[in-house]
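Only one structure is covered here, and it is reproduced in the block below.
The values are calculated or read from the model by the stated rules, or taken from the named source; none is laboratory data. Please read these numbers as outputs of a predicted model, since none were measured by experiment. We place every Cβ from the backbone using ideal geometry, glycine too, and count neighbours over all the protein chains shown. Surface accessibility is based on the protein's heavy atoms, side chains included, excluding ligands, DNA and RNA. Shrake-Rupley method; radii C 1.70, N 1.55, O 1.52, S 1.80 Å.
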Amino acid sequence: HETRVRLNREELLALHRELVATPSVSGDEVAIVSLLSSFLQDHGATIELVGGSLVAWAGKAPVKGDVESTALVVLNSHVDTVPPAPGWTREPHQPSRADGRVFGLGANDAKASVAAMTAAFLAVAELDLPFALALMLVRGEETKSVGTAEVVAEFSRRGLVPTMAVVGEPTGLDLAVAQKGLLVLELVARGEAAHAAHARALGARNAIVGLARDLTAIAELPEGPLDPYLGRATVEPTVVSGGSARNVVPAEARAVLDC
């Protein structure tokens with residue numbers, strides 16, 4: 001039978017509802033990947049699974065020689081969600097509609113992008129494109145972005161280097177062309193445990209005092225260069241811990257830095 005590729009509005013919204021209704025908390029994405037695999041295959045797409053993530057190709061998957069002469073364009077979004085928070089007032093996996101909005105866990109981040117990119121991919125997959133096109137729907141983005149890393153590593157093994165990628169994420173429909181990286185550091189200050197009444201006489205180093213000096217020094221670091229899109233880099237202590245008792249100078253104190 002002839003396969004109709006382009007989705008109409010109702011078909012797109014139905015796909016989105018089905019995605020929202022399929023639980024896919026990070027680490028448990030098998031069901032939603034299976035759903036999307038079947039959906040894309042039913043619409044004539046060539047698919048493969050890479051480490052638990054889904055890659056669909058417009059036409060045949062290219063080999064190294066192909067992409068040396070043509071561009072490789074990637075549409076990327078993630079199928080996993082964070083767990084439902086205790087403050088949910090609706091059933092997280094029962095999509096509902098009110099005031100022009102769809103409510104459900106992951107309805108925005110990022111199952112809206114998954115549905116939209118799937119529809120966009122299918123709309124052009126049957127055309128004679130001047131580039132190779134891959135739809136990359138990945139697992140584990142909300143944790144450590146393991147899905148994208150796995151697929152990119154597999155692409156690299158095959159000699160495939162994307163020329164450009166469009167990443168589906170909620171941005172209020174603004175086009176985002178840059179993104180800050182994230183570095184999380186843990187500072188550990190060491191001292192010598194001692195009774196608080198005798199620590200100074202013994203010359204025992206207080207780990208909390210040492211950590212406080214380090215944090216003060218970090219706060220006084222000069223600002224880095226100004227990026228035209230992202231502003232300046234930031235370094236902020238966000239969690240501080242140390243000590244075991246009111247009357248004991250601690251041997252260790254820790255701080256988390258969000259950079």
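For the pair Val82 and Asp174 in one chain, pulling the backbone fully straight at 0.36 nm per residue adds 30.8 nm over the alpha carbon distance.
The HN-Hα couplings worked out from phi for region 138-151 by the Karplus form 6.51 cos²θ - 1.76 cosθ + 1.60 (θ = phi - 60°) are 10, 9, x, 6, 6, 9, 10, 6, 5, x, 4, 4, 5, 5 Hz, whole numbers, x standing for Gly and Pro.
Phi-derived couplings, Karplus 6.51 cos²θ - 1.76 cosθ + 1.60 at θ = phi - 60°, listed residue by residue for region 217-226: 5, 5, 5, 9, 4, x, 5, x, x, 8 Hz, with x used for Gly and Pro.
For region 160-165, putting each phi into the Karplus relation 6.51 cos²θ - 1.76 cosθ + 1.60 with θ = phi - 60° gives couplings of 9, 10, x, 6, 7, 9 Hz, in residue order, rounded to whole numbers and with x for Gly and Pro.
Applying 0.36 nm per residue to the separation of Asn247 and Thr70 and subtracting their alpha-carbon distance, the gain on full extension is 56.7 nm.
The calculated FRET efficiency for Ser145 paired with Asn8, based on their beta-carbon distance and R0 = 41 Å, is about 0.80. Here the chain exposes an accessible surface that is 55 percent carbon and sulfur, computed with a 1.4 Å probe and the other protein chains kept in place. Highest mean packing comes first when the peptides 174-180, 139-145, 94-100, 5-11 are listed by Cβ atoms within 10 Å, giving 139-145, 5-11, 94-100, 174-180. Computed from the alpha carbon atoms alone, the convex hull of region 129-235 holds 215 Å³ per residue. Packing around the peptides 104-116, 183-195, taken as the average count of other Cβ atoms within 10 Å per residue, puts them in this order, highest first: 104-116, 183-195. Full extension of the chain segment joining Val188 with Ala217 gains 9.0 nm, where the gain is 0.36 nm per residue of separation less the Cα-Cα distance. Helical content of the chain, expressed as a calculated mean residue ellipticity at 222 nm, amounts to -8500 deg cm²/dmol (DSSP H runs of 4 or more residues, -39,500 (n - 2.57) each, divided by residue number, nearest 500).
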